[in-house]
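Peer 1: What follows is a structure written as structure tokens; I'll ask about it next.
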């Protein structure tokens, strides 16, 4: 599945979209991401699955579209 | 002057029409902050004939504002933003009643000010005010047109307005708690004026749609635009009420300390203007101005200047144990204090002036 990063998170991934395989839910995804990108554990972000903000652990289909959204404060 | 002629090009849109124009004429819109987002939003809403626009900002025009805060000119440097904004908008469109609030919007004055308006636009540049503004709109049940930028990306959305399913989300449904790490704003990480122009104009556009009932406004949605690759991404914000507690009434709201709430590291002593003045006569205390070099007003007491943009590199040269940091509004001094603490200055006494040097001016 594809994970899309926004804002400063793209500096951690070094790109806007990364692909990850074989994760069954959000918790597993977070674990795997932090293992690959330890700097992510220091960052605040919310997660959208299929363009909808989720607040709990949800199951992920292999074709799910996941987005990581950090808060912005500039103006 | 023929008023019909002024708005002729938008009134001739059949979706908008004379009805749309009347709705704008009757509307009262409040803009929090006359900065990168507030300036374009103000310009377009005033030009479109919104009847009354309130604008709050306690800052003064600086040279480094001008590339994005397109309402201001070189000759305005050093003048209060709100005073200049009022003058320029009167020139642009004398139909608009523009109400200037030359003060910082806080939880002590927000409810009184905002209750007079129909729609609130977030043109602020920091988390404490964003959370405060959100909570105020929630308490007053006012639509909040949210906007924010980070480097080349911008976010815009409409909060606190019921969608077709009668669901009303606010900023805390999206981000329940302030970030626990430093998030840089425009003055530190930089921004192109065109991006704040785009996002500010989108906020004005969403305001017009909401007021006139045309199109599909971004209710409970967050639109993220990337100005480098022209991609946009829209997500649906969903309710998350269990994840946070926001003030439920005015009493609870005015007791909140939003600077504290949004402080990633809470080991810093935040002092007010009175405490600051007392410390000015104490020995062995180093005062550091962390504003960038050309910012107004200049202060007369003894201090060092280490702009926040250079703070991380230069802070190793600070030997004193008692350090008072200050900036314009109290935000950047808190960030400098965080940097010091992160660097291992835990044994030092670090103070940050609440509300910045603007709080010393009376």
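Each reported figure results from applying straightforward, stated rules to the coordinates on display, with no laboratory input. Just so it is clear, the structure is predicted and the values come from calculations on it, not from any experiment. As a convention, Cβ positions derive from the backbone with ideal geometry for all residues, glycine included, and neighbour counts pool all protein chains shown.
Peer 1: Have a look at the DSSP beta bridges in the protein assembly as shown and tell me what percent are antiparallel, nearest 5.
Peer 2: Percentage antiparallel, nearest 5: 45.
Peer 1: Mind checking the angle between helix B:38-48 and chain B's longest principal axis? C-alpha axes, 0 to 90 degrees, to the nearest 10.
Peer 2: So the helix axis and the longest Cα principal axis differ by about 20 degrees.
Peer 1: Another question about this same structure. Residues of region B:71-96 with amide nitrogen under 19 Å from the 7 Å Cα-to-Cβ point of residue B:5?
Peer 2: B:91-96
Peer 1: Kindly identify chain B as rounded, prolate or oblate by the Cα gyration tensor criterion: order the square roots of the eigenvalues as a ≥ b ≥ c, call it rounded if a/c is under 1.5, otherwise compare a/b with b/c, prolate if a/b is larger, else oblate.
Peer 2: Taking the square roots of the gyration eigenvalues as a ≥ b ≥ c, chain B is prolate.
Peer 1: Something else: Mind checking A:42-51 for the average number of partner chain beta-carbons within 10 Å of each residue's beta-carbon?
Peer 2: Average neighbour count from other chains, rounded to a whole number: 4.
Peer 1: Could you work out, residue by residue across A:5-12, how many beta carbons of other chains sit within 10 Å of that residue's beta carbon, and then give the average as an integer?
Peer 2: Going residue by residue through A:5-12 and averaging, the value is 4.
Peer 1: So how do A:17-23, B:353-359, B:22-28 stack up, highest first, on mean other-Cβ count within 10 Å?
Peer 2: In descending order of packing, they fall as B:353-359, B:22-28, A:17-23.
Peer 1: Among B:142, A:51, which comes first, then next, by fewest other beta-carbon atoms within 10 Å?
Peer 2: A:51, B:142
Peer 1: Follow-up question, since we're still on this one. Testing the spin-label approximation: label points 7 Å from Cα along Cα→Cβ at residue A:27 and residue B:302. State their distance in nm.
Peer 2: 5.9
Peer 1: Which residues in region A:3-42 have a backbone N closer than 15 Å to a point placed 7 Å from the Cα of residue A:50 along the Cα-to-Cβ line?
Peer 2: From region A:3-42, the list is A:25-26.
Peer 1: Specify the angular offset, from 0 to 90 degrees and rounded to the nearest 10, of the alpha carbon long axis of helix A:26-36 from the longest principal axis of the alpha carbons in chain A.
Peer 2: The helix A:26-36 is inclined about 60 degrees to chain A.
Peer 1: Quick check on chain B: of the DSSP beta bridges with both residues there, what percent are antiparallel, nearest 5%?
Peer 2: 35
Peer 1: Report the rotationally averaged projected area of region B:260-362 based on its alpha-carbon convex hull, in square nanometres.
Peer 2: For region B:260-362, averaging the hull's shadow over all directions gives 6.2 nm².
Peer 1: Given axes a ≥ b ≥ c from the Cα gyration tensor, I'd like to know whether region B:76-172 is rounded (a/c under 1.5), prolate (a/b larger than b/c) or oblate.
Peer 2: prolate
Peer 1: Specify the angular offset, from 0 to 90 degrees and rounded to the nearest 10, of the alpha carbon long axis of helix B:81-92 from the longest principal axis of the alpha carbons in chain B.
Peer 2: The helix B:81-92 is inclined about 20 degrees to chain B.
Peer 1: What is the distance, in nm, between label points placed 7 Å from the Cα along the Cα-to-Cβ direction at residue A:35 and at residue B:180?
Peer 2: If labels sit at residue A:35 and residue B:180, their model points lie 2.2 nm apart.
Peer 1: Let me ask you something else. Return a whole-number percent for the relative contact order of region B:161-287, with Cα pairs under 8 Å and 6 or more residues apart as the contact set.
Peer 2: 31
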